[in-house]
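Contents: one structure, followed by commentary.
The numbers here are math on the coordinates, done by the rules we state, and not lab data. Computed from a predicted model, the values in this text were never measured in an experiment. Quick reminder, even Gly has a Cβ in these numbers, built from the backbone with ideal geometry, and neighbours come from all protein chains shown.
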Amino acid sequence: MNFGLPTLKTGSGLSESEVALDAIPYISPEQARGATLDHRADIFSFGVILYEMIAGQLPFKGEDEAAIIHSIIYEDPELLIRYKKGVPEQLQKMVDKLLEKDANLRYQHMDEVLTDLKRSKLELISKKRLVFRKVRPRYKKALIPALIICFIIAVVMLVILSKYFLKPILEKKGSVPPNHPVRVLCFEEKKTESVLDGLSQKRVVNSDARDFLHLSFRR
């Protein structure tokens, strides 16, 4: 695992010519300036590798070695969320601390890095559990069409119910009068007056009905 960051026991930095060209994007700002190096330079390089693993992009870029070195010393990398969705906030903070320009503000020991990695992992697992408990997006997309179909079915059922069940019942109760027995009598002309008088006395017919029967009998 060559980070391109070998250091001498004396702690003196290496010149650019002593660093492999393909390792330049991974060097720390202090190494790019030719300053004294320690283990925190390797921590910076680990941050570069972690950033690349997550985003699929290097945090510091340039057309040539000089542009890359300038980016490492003076420029801040893009946020991980630009290249990867759903990056936990804790992981972003961790990468930012790994890539601090000032070595004193950077992680001082890899044990701290390991602790924060575990914390970030727990945060990611917790978010996945919450997402699992929620309704899946595909069910949400199917909810509106399902409601529309249910509404159409309800309207059709209402029409059928009113046409074949409610309408006959209402017509039967409201518009059709109750049936009354009607008796048709045939009399001789001489007996007409006496029959009509008898029906009137018994209150079987009213005056209009009596006149109607009278005329009928006369015919």
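In this structure, the residue pairs whose Cα-Cα separation is over 19 Å, taken from K61/K121; K61/K93; K61/K118; K85/K121, are K61/K121; K61/K93; K61/K118. Simple spin-label estimate for D102 and I153 gives 6.7 nm between the two label positions (7 Å along the Cα-to-Cβ direction from each Cα). The chymotrypsin sites (Phe, Trp or Tyr not before Pro) of segment 68-123 that DSSP puts in a loop, and whose beta carbon has at most 15 other beta carbons within 10 Å, are Y83. On a per residue basis, the convex hull of the C-alpha atoms belonging to segment 66-122 measures out at 85 Å³.
As an exercise, find the ratio Rg/Rh for segment 16-133 from alpha-carbon atoms, using the Kirkwood inverse-distance average for Rh.
On the way: Rg = 15.3 Å, Rh = 15.1 Å.
So for segment 16-133, dividing Rg by the Kirkwood Rh gives 1.02.
Taken along the Cα-to-beta-carbon direction at a fixed 7 Å, the label points for Y74 and K121 span 4.0 nm.
Report relative contact order for segment 25-94 in percent, whole number only (criteria: Cα-Cα under 8 Å, sequence separation at least 6). Write out the running numbers ahead of the final one.
Details: 65 pairs, mean separation 20.6, N = 70.
Averaging sequence separation for qualifying contacts and normalising by length gives 29 percent for segment 25-94.
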